[in-house]
Amino acid sequence: IYLRPMLETARIEKADGKTKLINARGITQNIIDEVVTVACDHAGELEAFSDQFRAMDLQELAQTIYRFIRENITYKVDPAGQQWIKTPARLWSDKEGDCKSFSIFTSAILQSLKIPHFLRFVSFTPGDFTHVYVFVEGLTIDAVQPVFNRELPYHKKKDYNMTQIARLSGIGYSNAQKIFFAPARAAFMLLLKLNFMHWSEKIAPAFFGHYPQLYEPLGLSKEDHAKAQLNLNKFLHKWHDTFAGDWKPVKKVIIETAEKHSLKAIKNHPWYNYYKYYDNWAGKPDPNYPDPGIGGVVSSHYNSAVQGIGELTLASALAAAAAIIAAVAGLFNALKKPSGSDPAAPYDDKSQWSGGGSGGNGGSGGSGGVIQAGMGTGMVVIAALVVGGMLLKGRKKR
């Protein structure tokens, strides 16, 4: 039998009543990041209120939170084309919200009580994530559902461990993500700078437009260039969305590295410098389709330029960057290495732009490239296994 306790709601902090637009064109990952950030940064608004739950066992606690939200706050879908993320105090002030704000409220209580839990984002179709709730030690707290501890069958899920994230002293998830992956990003930038496995050479032509004069002298076909642009788009979205990286420093390192190798064959072309410094291109991380949202909010984009690469060796760089390598190496390895590596001829030398050339030293360097690729792949595998083993060992200790 569940006996509903009397809770003193006066202990909930007062909302400031302000509304702030975070991003006018957010995508689902931005929404997820902002939900987690708000849940971390505003948990203190319910600290005094949460003291009333301390004597409860987990089952009673979860049920009390669920019933409190169901009985005191109205579920309301966000207006079409808008996404709202409410702090716990604002949700209580408005007395209405959707699954995002319900989950933030629930998480704030559990964080205040130091109870490990997850924010679980789910999709019920093959599309993007559309719903979120709290999962704690086998119990589902989803006040959108009419029944306590009901978890609907989902197509896919993504869990965020709020205990680990909150330990970062309220930095919020977006910043926590930047900090957590900073060593991996720096190490991967070093690999790009070293032209490891010719990755910078392979991907650099994708930054330039569909001009035969800019890819044919590199021994690349129209199809090669199109594939490079597709894989570049995939890589930069992973760099941005998963590893919290800024794509502009990546572009700078890739092009500067490739200039020392293949791109010197096209450096004198007038469009080369145009694209080298062009930032408003279609392949950069940016939504190109309407985003359904979660329960229906927009969030800040990442802006985390890599701060230096330090004194990393190749081996240590491979180990530090293992997570990124595992996610993107296939995109680079699938591309053709440019074969044009002769010094650039003046632009008025029409022979330079006759198209299709195989390039000066490409043939003789082919076998060396294969050997380097083979050795590099082995090192990547070893690094991934070493880092993976360290992570598993660390988890067992906890």
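A quick yes/no check of all residues on (1) at negative phi; (2) surrounded by fewer than 16 Cβ atoms within 10 Å (Cβ to Cβ); (3) hydrophobic (A, V, I, L, M, F, W, C); (4) at pLDDT 90 or above:
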| site | (1), (2), (3), (4) |
| --- | --- |
| Tyr2 | yes, yes, no, no |
| Lys18 | yes, yes, no, no |
| Leu21 | yes, yes, yes, no |
| Thr28 | yes, no, no, no |
| Ile32 | yes, no, yes, no |
| Ala48 | yes, yes, yes, yes |
| Arg54 | yes, yes, no, yes |
| Ile65 | yes, no, yes, yes |
| Arg70 | yes, no, no, yes |
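State whether the residues of segment 107-125 include one that is farther than 12 Å from Tyr154 by Cβ and in a strand (DSSP E or B). Yes: segment 107-125 contains one or more residues that are farther than 12 Å from Tyr154 by Cβ and in a strand (DSSP E or B). Out of segment 138-165, which residues are in contact with a helix residue (DSSP H, G or I) (Cβ under 6 Å, 6 or more places away or on another chain) and over 24 Å from Asp41 (Cβ atoms)? Passing the criteria: Leu139, Phe148. Evaluating Gly127 against the criteria (1) buried (at least 17 other Cβ atoms within 10 Å of the Cβ); (2) at pLDDT below 90; (3) more than 16 Å from the chain's Cα centre (by Cα) leaves one unmet condition, (1). Of the candidates His301, His261, the single residue that is modelled with pLDDT of 55 or more and not hydrophobic (A, V, I, L, M, F, W, C) is His261.
If you go through segment 209-233 and keep only what is closer than 25 Å to Ala329 by Cβ and either among the small types (Gly, Ala, Ser) or in contact with a Lys or Arg (Cβ under 6 Å, 6 or more places away or on another chain) (or both), you end up with Gly219, Ser221, Asp224, Ala226, Ala228. When Pro153 is tested against (1) in contact with a Ser or Thr (Cβ under 6 Å, 6 or more places away or on another chain); (2) assigned to a loop (DSSP other than H, G, I, E, B), just one condition goes unmet, and that condition is (1).
Within segment 236-272, the set of residues being of a type in the set (D, E, K, R), closer than 26 Å to Gln29 by Cα and surrounded by fewer than 21 Cβ atoms within 10 Å (Cβ to Cβ) comprises Lys238, Asp241, Asp246, Lys248, Lys252. If you go through segment 177-235 and keep only what is surrounded by 22 or more Cβ atoms within 10 Å (Cβ to Cβ) and at positive phi, you end up with Met197, His198.
The values are calculated or read from the model by the stated rules, or taken from the named source; none is laboratory data. Since the model is a prediction, treat every value here as computed from it, not as a measurement. Glycine gets a Cβ as well: all are built from the backbone with ideal geometry, and neighbour counts include every protein chain shown.
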